[in-house]
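Any read-out appearing in this document is the output of simple, stated calculations on the displayed coordinates, not a laboratory observation. Since this is a predicted model, take the numbers as computed values, not measurements. Positions of Cβ are backbone-derived with ideal geometry, glycine not excepted, and every protein chain shown enters the neighbour counts.
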Amino acid sequence: MAIKNKGLALEFEYVTRPGEQKHIGEGLDQADECMQEIAYQLIIGAHTEVGRLTKNALDDGYTANHILDNGLLNGMAIVGVKFRDNVIFVPEVLISARAMKAGMAFLEPILSASGIEPLGIVVMGTVKGDLHDIGKNLCIMMLRGAGFVVHDLGVDTSAEEFSDAFEEHSPQVIGMSALLTTTMPNMGRTISSFEDLGIRDEVRLMVGGAPVTQEFADEMGADGYGENAVDCVDVTKNLIKMLEELKAS
Ligand code: B12
């Protein structure tokens, strides 16, 4: 392990699960001192610094992809782990998200002009009657950071709006978020409406939000459930694989 940046080395100590240590550790191994500094500044939420370092790195000849993978995403991976493990809370995540945005402001125009194929297309929304969107927005941020194109339907999204978005954007995965026990059933209603419209097998439906459990997700016939924003990315990747297999069979 070659983490030369002292601050980042201390941050990496929060990564305690062996699988994650390996995965994130390998990512950090690819990062030179400049990328490690970007990752560290993102973790501590220094948005001006992340913007400045990203611009300097581009001027120095690093590619946008390299900075995204080795700088910003390495930092975001540790932020995600710290958030899940209750080391940091929503305000700190939002501050790191702002730093990610500051870096992405320089990278996005280059990435979109280069026509790199996205990992997949995802539609996300908070279900009808529910106005909570902090968790959904964190999921979206992680998905975009991981290379997905995400269409955000916002809050209070009806079943019809989800199916319209399916027709408009042709996503492989649709994610629904609910924070209220009273709005959770609207996830099931949306799934039923996809069945009624005959489009149920053309897309994978994923659910999440604090009161949602795997058991509840299974009961209402969702294809996937994620407990947090880190899970959301893994679940999305698995669901896309599942959909491809389903379509191939
Ligand atoms: C912030 C908040 C609000 C804000 C929302 C602001 C916003 N822009 O989101 C405001 C003030 C508007 C609000 C309003 C209300 N709220 Co409120 N709110 C909260 C609070 C404090 C935090 C929620 C939050 O953001 N958590 C942090 C995020 C990061 O976590 P998260 O959403 O769970 O998301 C994570 C995971 O669940 C997962 N995830 C989330 N979505 C998805 C989707 C997918 C597909 C996947 C894979 C994963 C995933 O990943 C996320 C990141 O790790 C909670 C209490 C609490 N401590 O949880 C109450 C809480 C959710 N609210 C509650 C209530 C009752 C209300 C109101 C009805 C209050 C009222 N009487 O007016 C209204 C409802 C308004 C409405 N129609 O929606 C109750 C719900 C009770 C229940 N069991 O139903 C709670 C639990 C408070 C309580 N203890 O009573 N609220």
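Of the residues making up region 112-145, those that are crowded, with 21+ Cβ neighbours inside 10 Å, aliphatic (A, V, I, L, M) and outside any strand (DSSP E or B) are Leu138, Ile140, Met141, Met142, Leu143. Of all residues in region 201-249, those satisfying the criterion of being within 18 Å of the chain's Cα centre (by Cα), touching a residue at least 40 places away in the same chain (Cβ under 8 Å) and assigned to a helix (DSSP H, G or I) are Ala229, Val230, Cys232, Val233, Thr236, Lys237, Leu239, Ile240.
Here region 192-249 is the region considered, the condition is being basic (Lys, Arg) and within 15 Å of the ligand (Cβ to nearest atom), and the residue that is surrounded by the most Cβ atoms within 10 Å (Cβ to Cβ) is Arg204.
So, in region 171-193, how many residues would count as being in contact with a helix residue (DSSP H, G or I) (Cβ under 9 Å, 6 or more places away or on another chain) and under 20 Å from Cys139 (Cβ atoms)?
Total satisfying the criteria: 15.
Pairs are defined by a Cβ separation below 6 Å, a sequence spacing of at least 6 or placement on different chains, a first member in region 31-47 that is under 16 Å from Ser96 (Cβ atoms), and a second member that is basic (Lys, Arg) and buried (at least 21 other Cβ atoms within 10 Å of the Cβ); no pair meets this definition. Give me the residue from region 86-97 that is loosely packed, with under 14 Cβ neighbours inside 10 Å and in contact (Cβ under 8 Å) with a residue 40 or more places away in the chain and, out of that set, farthest from Val15 (Cα to Cα). The selected residue is Val90.
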